[in-house]
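Attaching a single structure in structure tokens format; questions to follow.
The values are calculated or read from the model by the stated rules, or taken from the named source; none is laboratory data. From a predicted model like this one, the values you see are computed outputs, not experimental measurements. Here the Cβ positions follow ideal geometry from the backbone for every residue, glycine too, while neighbour counts run over all protein chains shown. Heads up: the accessible areas ignore ligands, DNA and RNA and are worked out on the full protein's heavy atoms, side chains in. Shrake-Rupley method; radii C 1.70, N 1.55, O 1.52, S 1.80 Å.
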Amino acid sequence: MFPTQAFEDAIRDEITSAINDRPVPKAAWEPAVDSLIMVRVVLRIEEEFALNLPDDVMPAGGFDSVEHCVETVMETCRNLWGVNQPVREEV
């Protein structure tokens with residue numbers, strides 16, 4: 001079973017941490033979640049859940065909202081989780 005809450009918590013925590021670690025605030029024209037933040041998110045997911053996320057998990061130009069980012073990354077993780085889980089035979 002896919003650990004939805006654990007994934008969502010990790011993604012949101014990493015986005016918040018990355019935003020708070022910035023030395024200067026982002027400009028209004030910059031995406032809410034840019035490539036630097038996504039690198040942190042991807043590394044956290046790969047380390048914590050042993051999933052290798054594809055390079056295209058982030059669209060060019062980043063994400064305009066945190067919610068869109070979370071939804072997209074969660075969908076990718078859910079799909080990879082299903083593929084990587086061993087098949088259990090019913091007895």
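Mind ranking 53, 36, 43 by accessible surface for me, highest first, 1.4 Å probe?
36, 43, 53
Return a whole-number percent for the relative contact order of the chain, with Cα pairs under 8 Å and 6 or more residues apart as the contact set.
35
Rounded to the nearest 20 Debye, what is the dipole magnitude of the chain about its Cα centre when Lys and Arg each give +1 and Asp and Glu each give -1 at the C-beta?
160
Which stretch or stretches of region 1-30 have amide N atoms under 15 Å from the point lying 7 Å from residue 84's Cα along the Cα→Cβ direction?
Only 1-4, 6-8, 10-11 pass the distance filter.
Hey, if you put +1 on the Cβ of every Lys and Arg and -1 on every Asp and Glu Cβ in the chain, which of 19, 76, 58 ends up farthest toward the positive end of that dipole?
Toward the positive end, the furthest listed residue is 19.
Compare 14, 8, 67 by solvent-accessible area with a 1.4 Å probe and give them largest first, with all protein chains kept in place.
Highest to lowest solvent-accessible surface, that is 67, 8, 14.
Would you kindly state how much longer the chain becomes between residue 65 and residue 20 on full extension, computed as 0.36 nm times their sequence separation minus their alpha carbon distance, in nm to one decimal?
Extra length available between residue 65 and residue 20 comes to 14.6 nm.
Keeping all protein chains in place and using 1.4 angstrom, which order do 76, 16 fall into by accessible surface area, from largest down?
Of 76, 16, the descending order of accessible area is 16, 76.
Which length gain, in nm to one decimal place, applies between residue 52 and residue 35 when the Cα-Cα distance is subtracted from 0.36 nm times their residue separation?
Fully extending the segment from residue 52 to residue 35 adds 4.4 nm.
Helix 35-49 versus the longest principal axis of the chain: what is the Cα-based angle in degrees, 0 to 90, to the nearest 10?
30
Just from its helices, what would the mean residue ellipticity at 222 nm be for the chain, if runs of 4 or more DSSP H residues each count -39500 (n - 2.57) and the sum is divided by every residue, rounded to the nearest 500 deg cm²/dmol?
Only helices count here, giving -19000 deg cm²/dmol.
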